[in-house]
Amino acid sequence: MLLEAGTTLLSSYLAAGLVDQLRVYTGAVNGGRGPSLAESLVRLKLEGRADRELGGDSVLEAFLLEG
């Protein structure tokens, strides 16, 4: 299933162990509210991580390891 979500919903799915692969796009954002996704991502154990640039955005792709 593809989950296209903001920080709050994605953090809930991560905490529940319902995510096995990530593809996170980031770019210039004006404004925004709520917690940073970085707080959830830093705790994850990732495998096959690939970081790349796509136009003006950055892309993080990885699989999540259990535990």
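Each value in this text was obtained by applying a stated rule to the coordinates, not by laboratory testing. Just so we're clear, the structure is a prediction, and the values are computed from it rather than from any experiment. Cβ placement follows ideal geometry from the backbone for every residue including glycine, while neighbour counts extend to all protein chains displayed.
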Given the chain, longest segment not containing exposed loop trypsin sites (Lys or Arg not before Pro) (DSSP; at most 16 other Cβ within 10 Å): 1-32
The chain, relative contact order [Cα under 8 Å, separation at least 6], %: 37 percent
Paramagnetic label zone (point 7 Å from Cα along Cα-to-C-beta, ALA28; backbone N under 16 Å) in region 35-67: 54-58
Simple spin-label estimate for LEU60 and GLN21 in nanometres, 7 Å along Cα-Cβ: 1.8 nm
